[in-house]
1. Please go through (1) among the small types (Gly, Ala, Ser); (2) touching a residue at least 12 places away in the same chain (Cβ under 8 Å); (3) surrounded by fewer than 22 Cβ atoms within 10 Å (Cβ to Cβ) for Gly82 and return the number of the only condition it doesn't satisfy.
2. Could you check segment 20-32 and list, in sequence order, the residues that are open to solvent by less than 50 Å² (accessible area, probe 1.4 Å) and not polar (S, T, N, Q)?
3. Within 30 Å of Asn61 (Cβ to Cβ) and open to solvent by less than 40 Å² (accessible area, probe 1.4 Å), is that true of Leu212?
4. (1) over 14 Å from the mean Cα position of the chain (by Cα); (2) open to solvent by 20 Å² or more (accessible area, probe 1.4 Å): which one isn't true of Arg173, the others all being true?
5. For segment 132-159, which positions are at pLDDT 90 or above, crowded, with 17+ Cβ neighbours inside 10 Å and under 18 Å from Leu100 (Cβ atoms)?
6. Grab the strands (runs of 3 or more DSSP E) fully contained in segment 98-210, keeping just those with 1 or more residues being out of contact with any helix residue (DSSP H, G or I) (no Cβ under 8 Å at 6 or more places or on another chain) and of a type in the set (Val, Ile, Thr).
7. What's the number of the only condition in (1) within 24 Å of Arg206 (Cα to Cα); (2) of a type in the set (Gly, Ala, Ser); (3) open to solvent by less than 20 Å² (accessible area, probe 1.4 Å) that Ser189 fails to meet?
8. Whether any residue in segment 56-79 is of a type in the set (Lys, Arg) and farther than 30 Å from Val192 by Cα is what I want to check.
Amino acid sequence: MIRITYVTITYNAADVLQRTLDSVLSQDYPEIVHLIIDGASTDATLQMVDAYIERSNAAENGHRIQVTSESDKGIYDAMNKGLRSLDGDYVCFLNAGDFLPSKDTVSRIVKAIDNSSLFTPHSSLPAVLYGDTDIVDSEGHFLYHRRLAPPEHLTWKSFKQGMLVCHQAFYARTDFAIATPYDMQYRYSADVDWCIRVMKAAAKERVPLLNLKMVVANYTEEGQTTKHHRESLWERYHVMERHYGRVQTFLLHVWFAIRSLFK
């Protein structure tokens, strides 16, 4: 069976973590690993995680939970720790506060792989699985569908138009993920850079990406990139320069600015 690993980064996340844990616990698919990488929280985060482990064991759902708690150098350092602990077939970074939309989300993801013409017993698994995202408020209530939507056929060049696939809706095959650590020079936009580099590696190896054509994540609107919006945008600009070139990135942003005037 295909194994899915979720990595959740926590630091004093007790106010928002429960719905993330509940959503993974409720999944009816057995081959799930949940890595919780904690930055030495001082609130009730770790007690909540302990209770989550007890509930999962009692449910006998087949899930495996692994917890690390120690100081780190920020969220992307913690994500790299998660990458170094991976096993299974795919990894998805599900932030504290974000959650899976239904109890059969993972079952449906695996079914989409099984039913895809991209995957046969004689071919490798798709390098990336990607889907849609709904935006929720701080209480987990639906607000709206994410404005940027994934294209029918995603490539690394697609992100010229923005991050069309949310980080929480991007499932990377573990061999590509492990070979592509997050770049620590970025504080707010290393996830954009990481997704592009994973897709570039897939293109180089001629391994396809699979559009799941369903909502696979509920994303909390308030996050690091929201709190540090200007810094995040500036970093994203540099990420795009790195991958698409200085001139093309500049011209694209001029077009974005003109387009916004007529909305």
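1. (3)
2. Leu21, Val24, Leu25, Tyr29, Pro30, Ile32
3. yes
4. All conditions are met except number (1).
5. Asp132, Thr133, Asp134, Val136, Arg146, Pro150
6. 128-136
7. Checking Ser189 against (1) within 24 Å of Arg206 (Cα to Cα); (2) of a type in the set (Gly, Ala, Ser); (3) open to solvent by less than 20 Å² (accessible area, probe 1.4 Å), the one that fails is (1).
8. Within segment 56-79, not a single residue is of a type in the set (Lys, Arg) and farther than 30 Å from Val192 by Cα.
The values are calculated or read from the model by the stated rules, or taken from the named source; none is laboratory data. Note that this is a predicted model, so its numbers are computed, not measured. As a convention, Cβ positions derive from the backbone with ideal geometry for all residues, glycine included, and neighbour counts pool all protein chains shown. Ligands, DNA and RNA are excluded from the accessible area calculation, which covers all protein heavy atoms including side chains. Shrake-Rupley method; radii C 1.70, N 1.55, O 1.52, S 1.80 Å.
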